[in-house]
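The values are calculated or read from the model by the stated rules, or taken from the named source; none is laboratory data. Just so it is clear, the model here is predicted, and its values are computed rather than measured. Heads up: the accessible areas ignore ligands, DNA and RNA and are worked out on the full protein's heavy atoms, side chains in. Shrake-Rupley method; radii C 1.70, N 1.55, O 1.52, S 1.80 Å.
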Amino acid sequence: MRKATGDINKVIEAIDKMKGKELKMSINRGRNKIENYCGAIEEIYPSVFIFNVKASDKKFGSVAKLSCSYQDVLCGYIKFAR
């Protein structure tokens with residue numbers, strides 16, 4: 001079950017402030033599958049943002065960008081660290 005505790009506008013503002021900075025991102029894919037990436041937030045759109053993965057951290061082939069939603073951050077599926 002999703003736990004939405006907060007305001008989506010605050011999440012969007014916080015991600016906008018992190019744009020361009022080096023970050024570590026953890027994605028909870030469920031069933032104890034947590035993926036960790038290093039990179040930076042590259043682009044921001046109304047309902048999603050693009051996370052550019054560092055070249056040395058590519059675990060999934062030639063794809064270098066991840067599309068993530070603000071809802072996933074709000075619900076706790078995506079977490080950031082510096």
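The solvent-accessible area of VAL73, taken with every protein chain present and a 1.4 Å probe, is close to 30 Å². Among the protein heavy atoms, those of LYS19 account for about 100 Å² of accessible surface (1.4 Å probe, every chain in place). Ordered by 1.4 Å accessible area with all protein chains kept, MET25, MET18 run largest first as MET18, MET25.
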